[in-house]
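Chemist: One structure, as structure tokens, below. Some questions next.
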Amino acid sequence: IQMTQSPSSLSASVGDRVIITCRASQSIGKYLNWYQKKSGKVPKLLIYAASDLQNGVPSRFSGSGSGTEFTLTISSLQPEDFATYYCQQSYSALLTFGGGTNVEIK
Amino acid sequence: QVHLVQSGAEVKKPGAPVKISCKTSGSSFGTFTIHWVRQAPGQGLEWIAKGGPSAGGAIYGQRFQGRVNVATDTSTSTVSLEVSNLKSEDTAVYYCAREAGFGFGAVLDLWGQGTLVTVSS
């Protein structure tokens, strides 16, 4: 299953609303997870099952979608949110990640 | 509290093998499924394989079939990844990650600190 994220990068300011899109090459139901990756740090699970917030993750992060189209929304971007975000399908036993979306400071 | 602790950085020559370990602390090792993911310099996350005591057998990504092996040592609560015939393109940080039991497939909720593998002649 191929996962395609868009955009590949974006520039935004603190306080902006940011939306990242992930598309699957076939229907995956709600088997879609989102991770945050900062340089030199370990990936961090943000959202699982398309829309469930992982414990301890701020509520400004939210996920939606099902089937083949999914979004990750950051409602008000904070300085600590500048990072790369990856979607990952868990529908197939052969996991695949999207190419990543790099969120940079404007 | 559960932690995943990986072995240290490795420098290998092309064609050599490398073995990376992921030791779990805390209890419940028998319930774990462990995945291996890597990130090459400037690249994204790439899934390699899964294994561990609760995995029901190892599964390998198509790109890695025949070149990687996941082994489980229950006596030391360790899952290892061995990559053979290393190429320069295998230079990457390798992570182990635990599969959470959320009932939505392989959600990776806990990660090791990463192991840098450098392949250079």
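Chemist: Could you grab the relative contact order for chain B? Cα pairs under 8 Å, six or more apart, rounded to a whole percent.
Modeler: 35
Chemist: Kirkwood hydrodynamic radius of the protein assembly as shown from all distinct Cα pairs, in Å?
Modeler: Roughly 17.9 Å, rounded to one decimal.
Chemist: Another question about this same structure. Which listed residue (B:Ala100, B:Gly15, B:His3) has the Cα farthest towards the positive end of the charge dipole for the protein assembly as shown, taking +1 on Lys and Arg C-beta and -1 on Asp and Glu C-beta about the Cα centre?
Modeler: Checking the options against the dipole of the protein assembly as shown, the answer is B:Gly15.
Chemist: Which semi-axis lengths, in whole Å and largest first, follow from the square roots of five times the eigenvalues of the Cα gyration tensor of chain B?
Modeler: Calculated on Cα positions only, the semi-axes equal 23, 14, 13 Å.
Chemist: Greater than 24 Å separation of Cα atoms is the criterion. Which listed pairs, A:Lys44/B:Lys87; A:Lys30/B:Lys23; A:Lys37/B:Lys50, meet it?
Modeler: Cα-Cα > 24 Å for A:Lys44/B:Lys87; A:Lys30/B:Lys23; rest within.
Chemist: Magnitude of the Cβ-charge dipole of chain B, K/R +1 and D/E -1, about the Cα centre, nearest 20 debye?
Modeler: Computed about the Cα centre, the dipole is about 220 debye.
Chemist: In whole Hz, with x marking every Gly and Pro, tabulate ³J(HN,Hα) for segment B:23-39 from phi via Karplus 6.51 cos²θ - 1.76 cosθ + 1.60, θ = phi - 60°.
Modeler: 9, 9, 10, x, 9, 6, 4, x, 9, 8, 10, 10, 10, 10, 9, 10, 9
Chemist: For the protein assembly as shown, give the magnitude of the charge dipole about the Cα centre (Cβ charges: +1 Lys/Arg, -1 Asp/Glu; no others), in debye to the nearest 20.
Modeler: Result for the protein assembly as shown is approximately 240 debye, rounded to the nearest 20.
Chemist: Right, next: Hey, in the GNM for chain B with a 10 angstrom Cα cutoff, which one of B:Pro14, B:Pro41, B:Pro53 fluctuates hardest?
Modeler: Its mean-square fluctuation being the largest, the pick is B:Pro41.
Chemist: Right, here's the next one. In percent, what relative contact order does chain A have, based on Cα pairs under 8 Å that are 6 or more apart in sequence?
Modeler: After rounding, I find 38 percent.
Chemist: Then there's this: What residues qualify as long-range amide H neighbours of A:Thr96, i.e. H under 5 Å apart, gap of 5 or more or another chain, H built at 1.01 Å from N?
Modeler: A:Gln89
Bear in mind that the values in this text are calculations on the coordinates, not laboratory data. Everything numeric here is computed off the predicted structure, so don't read it as measured data. All Cβ positions, even for glycine, are placed from backbone atoms using ideal geometry, and neighbour counts span all protein chains on display.
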